[in-house]
Amino acid sequence: MAIPAHVRRVITLAPNITELVYAIGAGDRVVGTDDVSNYPPAAARLPKVGSMQPNVEQITALKPDLVLASTEGNHPSLAPALAAVGIPLYVVRTDRLPEIATAMTRLGEVLDAPAAPAAARTLTADIAAQRRTRAHAPRILFAVWTDPLYVGGHETFVDDLLVLTGARNAVEVTGWPQYSLESLAAHPPDLILYPRKSVNAQQMAVLLEKAGDLHVPSRAIDEDVFTRPGPRVGEAAKGLNAILDGK
Amino acid sequence: MPHSDRLARPALLLTLLLLVTLAVAVAIGATRLSWPSVWAGDETARAILLRIRLPRVLLAAAIGATLAVAGVTFQTLLRNPLADPFILGVSGGAACGAAVSTALGFGRIPGVVPLVAFAGACGATAAVFLLARRRDHTDPTRLLLSGLVLNAFFSSVILIAFSLSKSSDLTAALRWMMGTLFGATWTSVLLVTSLLVLGMAVLAFLANDLRLLAFGEEDAKARGVNVERVKLIGFAAASIVTGAAVAVSGIIGFVGLLVPHLIRLIWRRDFRALLPLCALGGAILVADADLLSRVIVPSAELPVGAFTAILGVPFFLSLLRRAR
């Protein structure tokens with residue numbers, strides 16, 4: 001399905017895509033988003049069309065010229081369902097750090113947003129400004145969930161942020177696997193980061209107790225900023241650097 | 001016991017196998033333990049061995065024994081080879097309780113979800129039992145059918161709870177759906193083991209009645225068995241132990257179905273022998289499955305339920321072929 005030259009009504013199906021569209025100055029064209037999109041505040045107030053399995057009827061009713069989705073959260077039957085009602089779908093890959101600026105540029109071309117190239121340059125500069133090398137790279141563990149323990153491993157966006165800020169991922173696994181309590185106890189990290197909307201301090205305390213009364217500092221972070229590969233990546237890296245410098 | 005001599009050999013063999021399994025499972029893990037340093041009192045090595053690995057291995061064995069004992073009890077009570085704690089709705093009830101309570105946001109308060117899961121398991125079996133009751137009689141086919149239908153209902157509720165919950169709640173509910181022995185504590189070992197011992201004591205007390213029941217209800221009645229009472233007590237005992245197991249470790253499939261059949265194919269059909277042999281067999285299967293799940297990918301853990309099937313099914317199929 002061809003993408004129209006002048007896209008006036010857009011629906012975004014991932015929170016980081018929503019943020020990217022606003023960041024390139026095309027936020028006024030967004031008419032609906034997925035359920036998770038909550039930033040910027042204007043996007044939070046827009047009609048919601050579902051998340052993992054978006055509601056195609058609702059999407060159709062909002063009369064978009066284009067639907068934007070990310071490679072990671074793209075339901076396989078979405079494209080044919082949208083094609084059946086004549087709505088084009090554009091999918092962008094955004095799951096790693098270097099892909100964000102590229103995605104911004106692409107979205108700028110597709111939406112014909114004049115501010116996009118500058119925004120992409122600013123983003124790249126923001127990222128570069130946060131690059132650090134540390135004499136003793138602290139070993140950081142990112143715990144997504146505590147029972148069972150799920151961690152952010154290598155080849156993830158969170159790992160990219162750790163590498164950028166001169167830290168080291170405390171785990172040797174890749175992706176987002178369930179992690180061994182023994183391995184945590186045997187090689188305790190210098191710091192554990194956990195998403196504050198999903199995990200609370202008490203759950204973290206229970207985890208450390210189960211790992212043999214580990215005494216490891218832990219810190220809650222805003223997962224919306226730290227786990228979304230979007231325009232706030234500079235803010236995430238800056239926050240991480242502040243945490244690491246404070247140690 | 002009339003068959004004590006014939007029980008002795010398989011029991012001895014399985015006990016030896018269990019001991020070897022436990023020894024290997026304690027020796028191997030995600031981290032390499034140096035025994036001299038454990039001995040010398042190295043804090044980390046001791047914590048890994050005594051607070052992480054040992055309780056986990058023992059919990060795996062206790063959960064396996066519990067599920068196999070519940071399985072053989074249900075199969076005998078219903079005289080149906082397909083009966084299994086999970087087919088009868090126990091798992092569905094537990095998972096439903098876990099999913100709904102996490103969707104309502106209780107996942108972040110420790111202890112609430114397992115408690116609701118336990119209540120769900122017990123509630124589901126009580127419902128299945130009551131649904132299958134007609135006048136003063138419980139019909140095995142109706143019991144199985146009620147279990148199947150309730151399971152379908154629970155699945156729908158779980159699906160809806162999942163679709164409505166946040167992704168972090170999903171992770172919490174998945175813990176019960178996928179089953180894991182992660183984070184085993186001595187408290188959980190004690191809880192499951194003591195309920196298992198209690199349940200097995202009750203079932204051992206009923207063992208002769210259950211053996212007679214295996215030949216048919218009319219037969220058992222003619223021999224003076226109070227069939228309805230045996231059914232009620234047996235059903236309650238098997239459900240309560242399963243509920244506790246599911247509340248602690250989530251759903252670990254195939255054990256309750258597979259182990260009793262394996263034991264029957266190799267050795268005996270007499271319930272008095274089946275009860276202890278199934279407990280041993282279940283303990284071996286889940287302890288081995290958990291060992292594989294935690295050592296195959298270094299530092300990462302795979303779902304234990306996948307390995308109970310991977311280990312058990314080929315063995316089961318080869319026995320089935322030989323038995324024709």
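Counting every Cα pair in the stretch A:22-99, what percent are over 15 Å apart? That tail contains 58 percent of the Cα-Cα pairs. Summarised in one figure, the compactness ratio Rg/Rh of the stretch B:192-264, Cα atoms and Kirkwood Rh, is 1.02. For the stretch A:159-247, dividing the convex hull volume of the Cα atoms by the residue count gives 101 Å³ per residue. The residues A:172, B:217, A:182, when put in order of fewest to most other Cβ atoms within 10 Å, stand as A:172, B:217, A:182.
With Cα atoms defining each centre, the stretch B:44-107 and the stretch A:1-80 are spaced 42 Å apart in the structure. For the stretch B:179-307, the extents of the C-alpha atoms along the principal axes are 59, 31, 17 Å, listed from largest to smallest.
Just going by the charge dipole of the stretch B:118-208, with Lys and Arg at +1 and Asp and Glu at -1 on Cβ, which of B:195, B:118, B:150 is farthest out on the positive end? Positive-most Cα among the choices belongs to B:150.
As a footprinting exposure proxy, order B:310, B:158, B:284 by other Cβ within 10 Å, with the fewest listed first. Provide the component values of the computation, followed by the final result.
Numbers: B:310 13, B:158 21, B:284 25.
Exposure proxy ranking, most exposed first: B:310, B:158, B:284.
Taking other Cβ atoms within 10 Å as a rough exposure proxy, A:204, A:104, A:1 sort from fewest to most as A:1, A:204, A:104. Sorted largest first, the spans of the alpha carbon positions of the stretch B:1-147 along the three principal axes are 66, 54, 20 Å. First select every other residue whose beta carbon is under 15 angstrom from the beta carbon of residue B:49; then total the charges, Lys and Arg +1, Asp and Glu -1. Within the 15 Å Cβ shell, the charges total +3.
Around the Cα centre of chain B, unit charges on the Cβ atoms of Lys, Arg, Asp and Glu (plus for the first two, minus for the last two) sum to a dipole of about 440 debye. Over the residues of the protein assembly as shown, the helix contribution to mean residue ellipticity at 222 nm works out to -19000 deg cm²/dmol, using -39500 (n - 2.57) for each DSSP H run of at least 4. With distances taken between every two different alpha-carbon atoms, the stretch B:236-292 has a Kirkwood hydrodynamic radius of 12.2 Å.
The trypsin sites (Lys or Arg not before Pro) of the stretch B:28-118 that meet both conditions, a loop assignment by DSSP and at most 15 other Cβ atoms within 10 Å of the site Cβ, are B:32, B:79. Rounded to the nearest Å, what's the spacing between the alpha carbon centres of the stretch B:198-254 and the stretch A:115-174? Just the number, please. Going from one Cα centre to the other spans 55 Å.
Quick one: pull the percentage of alpha-carbon pairs in the stretch A:104-214 with a separation above 24 Å. Mind showing how you got there, number by number?
On the way: 2423 of 6105 pairs.
The answer is 40 percent, as a whole percent.
For the stretch A:76-161, just say rounded, prolate or oblate: build the C-alpha gyration tensor, square-root its eigenvalues into a ≥ b ≥ c, call rounded for a/c under 1.5, and beyond that prolate if a/b exceeds b/c, oblate if not. Mind dumping the intermediate values first?
Working: a/c = 4.53, a/b = 1.38, b/c = 3.28.
Oblate.
Dividing the alpha-carbon radius of gyration of the stretch B:96-157 by the rule-of-thumb value 2.2 N^0.38 Å gives 1.33. For chain B, averaging the sequence separation of C-alpha pairs within contact (under 8 Å, six or more residues apart) and dividing by the residue count gives a relative contact order of 31 percent.
Dimensions of chain B from C-alpha coordinates, computed as largest minus smallest value along each principal axis and given longest first, are 64, 53, 35 Å.
Tell me the relative contact order for chain A as a rounded percent, counting alpha carbon contacts under 8 Å between residues six or more apart.
On the way: 437 pairs, mean separation 42.6, N = 247.
Normalised by residue count, the contact order of chain A is 17 percent.
With the convex hull of the Cα atoms taken as the outline of the stretch A:1-150, the averaged projected area works out to 10.8 nm². Out of every Cα-Cα pair that the protein assembly as shown contains, those further apart than 48 angstrom amount to 24 percent.
Laboratory data are not the source of any read-out in this text; all were calculated from the coordinates shown. The model shown is predicted, which means the values in this text are computed figures rather than measured ones. Cβ atoms come from the backbone with ideal geometry, glycine included; neighbour counts cover every protein chain shown.
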